[in-house]
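Structure, as structure tokens:
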Amino acid sequence: MVQQGSLVVISGFSGVGKGTVIRKLMELSDSYALSVSATTRPPRQEEQNGREYFFMNEQQFNEMIRKHELIEFACYCDNYYGTPRKFVEEQMTLGKDVILEIETQGAELIRRQYPDALLIFIMPPSGEELRRRLSARGSEKEQVIRQRLERAAKEAEHIEDYSYVFVNDDADECAGRLNALIQAQRSRMDRNTEMIGRVRTQLVDFLKGE
Ligand code: 5GP
């Protein structure tokens, strides 16, 4: 029997480098499946529909909500973002650890629906470093950077909702630590009840046979 995969929520302030960390994480094990969100935000220059996001208008997004096709959604900086249900459920059944890169309101909605989900928050080494990374991105206007820093300050109030906090100082090292944590979840006792029961039965049968 395939062990059901876990749901892994990764949040972090805009500009913290979680995209890079997650890309590196995906290379460390083939047990991972990255969920692609739906959004009403217009694509950035290098983004492709179906790769970074499923880009859509508000009407299409509302239609997904109406049909219960999203397991969570939230409004972030005037745009809607949501996690498509079908992919998450299919991949978990196949034994994949499904990674959701989502913001704090969505994380809270996931935690309520999936109490076993692993909630991880990625932090910058400092507030100053976050500002520097946001400016270095170059794709955002000063006003947008300010908006994202204000949002970061608000999101910082929700860090206590998470179980683990990782500082992204070095993306490779951060991905390595994340990988170790997620893989360790597979050894949780409550995720191995089928195997435990099977070995117990085998031991009893073995003793009976003696
Ligand atoms: P960005 O516009 O920079 O790609 O993403 C903005 C924020 O939306 C990020 O914090 C990102 O993690 C979050 N986000 C992306 N997809 C989803 C989603 O499906 N649900 C929620 N709640 N947040 C999302």
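Reported count of residues in the stretch 13-30, each being open to solvent by 20 Å² or more (accessible area, probe 1.4 Å), in a loop (DSSP other than H, G, I, E, B) and either of a type in the set (G, A, S) or in contact with a strand residue (DSSP E or B) (Cβ under 6 Å, 6 or more places away or on another chain) (or both), is 2. If you go through the stretch 157-171 and pick out every residue that is loosely packed, with under 11 Cβ neighbours inside 10 Å and more than 21 Å from I110 (Cα to Cα), you end up with 0. In the stretch 107-130, the condition of being over 19 Å from the mean Cα position of the chain (by Cα), touching a residue at least 60 places away in the same chain (Cβ under 8 Å) and more than 22 Å from Q185 (Cα to Cα) is met by at least one residue. In this entry, N79 is excluded by the filter for residues that are among the polar types (S, T, N, Q) and without any contact (Cβ under 8 Å) to a residue 12 or more places away in the chain. Being more than 10 Å from the ligand (Cβ to nearest atom) and assigned to a strand (DSSP E or B): is that true of A33 here? Against the criterion (more than 10 Å from the ligand (Cβ to nearest atom) and assigned to a strand (DSSP E or B)), A33 qualifies. In the stretch 113-139, the qualifying residues are those that are more than 29 Å from I71 (Cα to Cα) and among the acidic types (D, E), and the one that is most open to solvent (accessible area, probe 1.4 Å) is E128. Exactly one residue out of N57, N79, N49 is away from the ligand (no atom under 14 Å from the Cβ) and modelled with pLDDT of 95 or more: that is N57. Of the residues making up the stretch 85-101, those that are within 12 Å of the ligand (Cβ to nearest atom) and open to solvent by 20 Å² or more (accessible area, probe 1.4 Å) number 3. Using the structure shown, decide if I196 is out of contact with any Gly (no Cβ under 8 Å at 6 or more places or on another chain), without any contact (Cβ under 8 Å) to a residue 12 or more places away in the chain and among the β-branched types (V, I, T). Yes: the conditions hold for I196.
Please work out if M92 is of a type in the set (A, V, I, L, M), touching a residue at least 60 places away in the same chain (Cβ under 8 Å) and assigned to a helix (DSSP H, G or I). In short, yes. The set of residues in the stretch 131-151 being free of Cβ contacts under 8 Å to residues at least 24 places away in the same chain and small (G, A, S) consists of S135, A136, G138.
The values are calculated or read from the model by the stated rules, or taken from the named source; none is laboratory data. These figures come from a predicted structure and were not determined experimentally. Note that we place each Cβ from the backbone using ideal geometry, even for glycine, and neighbour counts take in every protein chain shown. SASA here: full protein model, heavy atoms, side chains in, ligands and nucleic acids out. Shrake-Rupley method; radii C 1.70, N 1.55, O 1.52, S 1.80 Å.
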